[in-house]
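Student: This structure is in C-alpha cells; I'll ask about it shortly.
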Amino acid sequence: MSREDYVSNFVRNTLGLPIGYDFGLSSSDMNTIAEYLSGSKSPERVFDAPVNSVLNTIKSEILDERLGSGKPFVRKALWPEGVDFASALTHDADRLTAPLSRVMKVRKRFSLSLMIKRILSLDDPYWNIEKMVNLEAGLNFTSSFYLLVHDYNLNGRRDYIKSIAAKGWDVGLHGSFGTHESAERMREDFSVFEKETGEKPKGIREHYLKFDPSKTWQIMEDLGFMYDTTWGFNQKPGFRAGVCFPYHPPSSDFEPLNILELPLVLMDTSLWGYMHLQEEEGFAEVEQAISKVKEHNGLFTILWHQEALQMKGGRLYPRILKRLAGENCFVSNAEKIAEWWLSRERSELRESKRGKSFSYTVQPKDKRLVIDADCPKGYKLKVQGECRVISSSENSAEIAGNGEGKITIEVP
Ligand SMILES: [Zn+2]
C-alpha cells in the first residue's frame, strides 16, 4: 500500500464515510497524518492535535461540497449509541504488594489510618485491584489491568484475577524493560503471561511507556496483540500521536498493521512525579484533558497505577470515575473499546442514489452503531426495517438500529 492509500484509509475509517466516497487530500495533510501516526513526529504543545485538525478540515470540506450540491452527508457515528466521547480506564500493575519495609519508606504517601492497618496486616496499600474493581462495578464500568508478569507471579491472586476477567474486566500484559525493542524478550513475557493466567494477552502497555515506533508495534503485531496503549507522553498529559482516536499504525512500508493503537492521554504519575502537582491541581489537569478530548469527540485513555489508588489521600480516582459517570460517554476497558472500533470499521456503509433519493444500508450490523446525517433543508427521511430515528432537525438526523434496515433521504 502506498503512503497515500494508508492515509486515505485512515481518514475514511475515522470519519466513518460510505464506501467509495471521494475526498481531496493535500500533500501537506498527507504528510501530517503519515508523520504523526508513524510516530516520527509529536506535537510540541500539550493537547495540540494536528491530525484531528486535518480530519476536521476534510470533514467540513465534504460537508460543504455535499450540501452545496444538494446532497446529504451521511456517515457512521464515532461511538456506540452516538455518545459524545469514550474513555478507556486502564491500570498498570507494577507490583501487587510491597513488604512493610518498603511501605515504611514511602509512608508519607499514605494516610495514618492506612499505615496502622498495614502494620497490623489488616490492609495492603499496594494491593488495590479489588478496590478498583469494586469502585468501577458500582458505576457499571470495567477497566483494563496490565500485569508485569516478568517481575512477579500471581500466587494467591491468580483465582481473583481470573474471576474479574470472567466478569468482563480486561487483563493484559505490562511489557517489561527491553520488550519494546526485542521480539525475543516480548515472546518470553507473552508466554509467562499465558502460563500465569491461562490466556493469551490481547492488550499491552509497556512499562515506563518505553516505545520505539520503528520496532515496537511490529513486535506486538507479530505476536498477535489486538491493541497497544503505550503511545503517550511521560512528562505530561496530551496527544502524542497528534490524534485522540484509535488507529492502525503503519508498517515501515505504510501497510496498516492489524494492531490498534489506543493513544494514552493521561497518566497519574505525570501529575505527581513529573509535574509535581497538588491534589486539586491534579484534578484540574484531568478536567482539562477530559474537556479537550470531548471537544474532538475522541478517546480519553487514562492510566491510573493500581498501586497508587490510595496515595495522595486516595480521593482522586473515585472522583474521576464519578466525573465520567456524569458525561454522555462510553466508559469501558481498552479491549472493549478496541472491539468497538474494529466492529465499526467492519460495518460497511453503502450509499446508492436514484434521482433525488439517497439510500443507505450497513453490513454487517452492530446494534450499537448510529448513523449521522447532515441534510439539505426540506429533506424527507424514511427508515425501514430495524432503523429508528433518534433525533432530527431541519438539517440533520441521527438514526440507530441499522443492519437489516434501510435509510432513505429524499432531497428537494
Ligand atoms: Zn509500569
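The values are calculated or read from the model by the stated rules, or taken from the named source; none is laboratory data. Quantities reported herein were computed from a predicted structural model and do not represent experimental measurements. Cβ: placed from backbone, ideal geometry, glycine included. Neighbour counts: every protein chain shown. Heads up: the accessible areas ignore ligands, DNA and RNA and are worked out on the full protein's heavy atoms, side chains in. Shrake-Rupley method; radii C 1.70, N 1.55, O 1.52, S 1.80 Å.
Student: Given 287, 335, 280, which one is under 27 Å from residue 225 (Cα atoms) and among the acidic types (Asp, Glu)?
Tutor: The match here is 335.
Student: Okay, next question. Within the range 390-412, track down each residue that is without any contact (Cβ under 8 Å) to a residue 24 or more places away in the chain and either under 25 Å from the mean Cα position of the chain (by Cα) or in a strand (DSSP E or B) (or both).
Tutor: Correct list: 391, 392.
Student: Hey, among the residues in the range 181-215 that are over 21 Å from residue 305 (Cβ atoms) and within 16 Å of the ligand (Cβ to nearest atom), which one's surrounded by the fewest Cβ atoms within 10 Å (Cβ to Cβ)?
Tutor: Filtering first and then ranking leaves 185.
Student: I need every pair where a residue in the range 215-231 that is part of a helix (DSSP H, G or I) has its Cβ under 6 Å from the Cβ of a residue that is open to solvent by 40 Å² or more (accessible area, probe 1.4 Å) and small (Gly, Ala, Ser), sequence separation at least 6 or different chains.
Tutor: Taking only residues 6 or more apart or on different chains, the pairs are 219/183.
Student: When you scan the range 65-77, do you find a residue that is of a type in the set (D, E, K, R), open to solvent by 10 Å² or more (accessible area, probe 1.4 Å), part of a helix (DSSP H, G or I) and in contact with a strand residue (DSSP E or B) (Cβ under 6 Å, 6 or more places away or on another chain), even just one? Full working, then the answer.
Tutor: Of the range 65-77, the ones of a type in the set (D, E, K, R) are 65-66, 71, 75-76.
Subsequent filtering for residues that are open to solvent by 10 Å² or more (accessible area, probe 1.4 Å) retains 65-66, 71, 75-76.
Now narrow it down to the ones that are part of a helix (DSSP H, G or I): 65-66.
Subset that is in contact with a strand residue (DSSP E or B) (Cβ under 6 Å, 6 or more places away or on another chain): 66.
The answer is yes, given that some residue of the range 65-77 is of a type in the set (D, E, K, R), open to solvent by 10 Å² or more (accessible area, probe 1.4 Å), part of a helix (DSSP H, G or I) and in contact with a strand residue (DSSP E or B) (Cβ under 6 Å, 6 or more places away or on another chain).
Student: Failed condition for residue 253, given (1) part of a loop (DSSP other than H, G, I, E, B); (2) more than 16 Å from the ligand (Cβ to nearest atom); (3) within 12 Å of residue 37 (Cβ to Cβ), with all others met?
Tutor: Condition (3) is where residue 253 drops out.
Student: Still on this structure: What tally of residues in the range 258-284 results from selecting those that are of a type outside the set (Phe, Trp, Tyr), crowded, with 17+ Cβ neighbours inside 10 Å and not in a strand (DSSP E or B)?
Tutor: Counting residues in the range 258-284 that are of a type outside the set (Phe, Trp, Tyr), crowded, with 17+ Cβ neighbours inside 10 Å and not in a strand (DSSP E or B) gives 10.
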